[in-house]
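Quick notes on the structure that follows.
The values are calculated or read from the model by the stated rules, or taken from the named source; none is laboratory data. The model shown is predicted, which means the values in this text are computed figures rather than measured ones. Cβ placement follows ideal geometry from the backbone for every residue including glycine, while neighbour counts extend to all protein chains displayed. Remember, those area values only see protein heavy atoms, side chains included, never the ligands or the DNA or RNA. Shrake-Rupley method; radii C 1.70, N 1.55, O 1.52, S 1.80 Å.
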Amino acid sequence: MGLRINETVPNIHLKTDQGEYDLHDFIGDSYTILFSHPADFTPICTTEFGAVAQLADEWEKRGVKVIGLSVDSVEEHVKWKSDISTFAKAPATFPIIADTDLSVSKALDMLPADAYLPEGKTAADSETVRVVFIFGPDKKLRLSMTYPMSVGRNFAEVLRALDAVMATDGSVVRTPANWTPGADVIVAPSMSTEDAKAKYGEIKEVFPYLRFMADPNK
């Protein structure tokens, strides 16, 4: 069974190109993005890792940690990072998990329990290792996205979704479709219109269940 929203992520031991961690210790008190890839030295994944490298200032500004995963070795990760940094024109400073035994991918339900990597493996043997997870500081899954191997991920959307998760966690704020930071937000159904007006001011009621207000985090 896959990891569900608001479930605690297993405290998996991770071997990376920057040392070894237990996942809960790596997350610490931060929001954390884990993004996985089926192999090193693959074209789409190189552009994706490059996009993550280019967003380093955005992750830092939000206090967010990022960690990659691929099914190849630490040594291959180190070599691949040179290509990633060259392509992105930005250093790839985040760690990459070396999931050569597929233990992390299986624990997070990216691959079936009986999956293995054959001799002469290709990315097609681990093509479902194409997930983005956002974990909260409480070590719970806040959001997940899964892409086919042929489709490059939109990290502008990952960043937007991260902002929405951070804006709504532990709050009565909810974000509508296509929301971006600073735009109007939705009042959660758990709060009455009267209470929302008293706390936040003007409320725009479209339906009794759909009420907008200015983003209080703006």
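Taking the options ALA92, ALA51, name whichever one is touching a helix residue (DSSP H, G or I) at 6+ places or on another chain (Cβ under 7 Å), of a type in the set (A, V, I, L, M), open to solvent by 10 Å² or more (accessible area, probe 1.4 Å) and not in a helix (DSSP H, G or I).
So the residue among ALA92, ALA51 that is touching a helix residue (DSSP H, G or I) at 6+ places or on another chain (Cβ under 7 Å), of a type in the set (A, V, I, L, M), open to solvent by 10 Å² or more (accessible area, probe 1.4 Å) and not in a helix (DSSP H, G or I) is ALA92.
Considering each residue of the stretch 115-131 in turn, at least one proves to be assigned to a loop (DSSP other than H, G, I, E, B) and under 15 Å from the mean Cα position of the chain (by Cα). For the structure I just gave you, tell me whether ASP25 is within 23 Å of THR128 (Cβ to Cβ), loosely packed, with under 15 Cβ neighbours inside 10 Å and without any contact (Cβ under 8 Å) to a residue 60 or more places away in the chain. No: the conditions fail for ASP25.
Selection within the stretch 162-178: residues that are under 23 Å from TYR147 (Cα atoms), out of contact with any Leu (no Cβ under 6 Å at 6 or more places or on another chain) and not in a loop (DSSP other than H, G, I, E, B). The member of this set that is most open to solvent (accessible area, probe 1.4 Å) is MET166.
Conditions tested, residue by residue: (1) surrounded by 14 or more Cβ atoms within 10 Å (Cβ to Cβ); (2) in contact with a strand residue (DSSP E or B) (Cβ under 9 Å, 6 or more places away or on another chain).
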residue: THR8; (1), (2): no, yes
residue: GLY19; (1), (2): no, no
residue: ASP29; (1), (2): no, no
residue: SER36; (1), (2): yes, yes
residue: GLY68; (1), (2): yes, yes
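Quick one: how many residues across the stretch 100-156 are buried (at least 19 other Cβ atoms within 10 Å of the Cβ) and more than 25 Å from TYR31 (Cα to Cα)? Residues meeting the conditions: 2.
Scanning the stretch 192-218 for residues that are closer than 26 Å to ARG62 by Cβ and either touching a Leu at 6+ places or on another chain (Cβ under 6 Å) or free of Cβ contacts under 8 Å to residues at least 40 places away in the same chain (or both) yields LYS199, TYR200, PHE212, MET213, ALA214, LYS218. Tell me which residues, restricted to the stretch 191-218, are over 24 Å from the mean Cα position of the chain (by Cα), within 24 Å of ARG160 (Cα to Cα) and open to solvent by 30 Å² or more (accessible area, probe 1.4 Å). TYR200, LYS204, LEU210, PHE212, ALA214, PRO216, listed by residue number.
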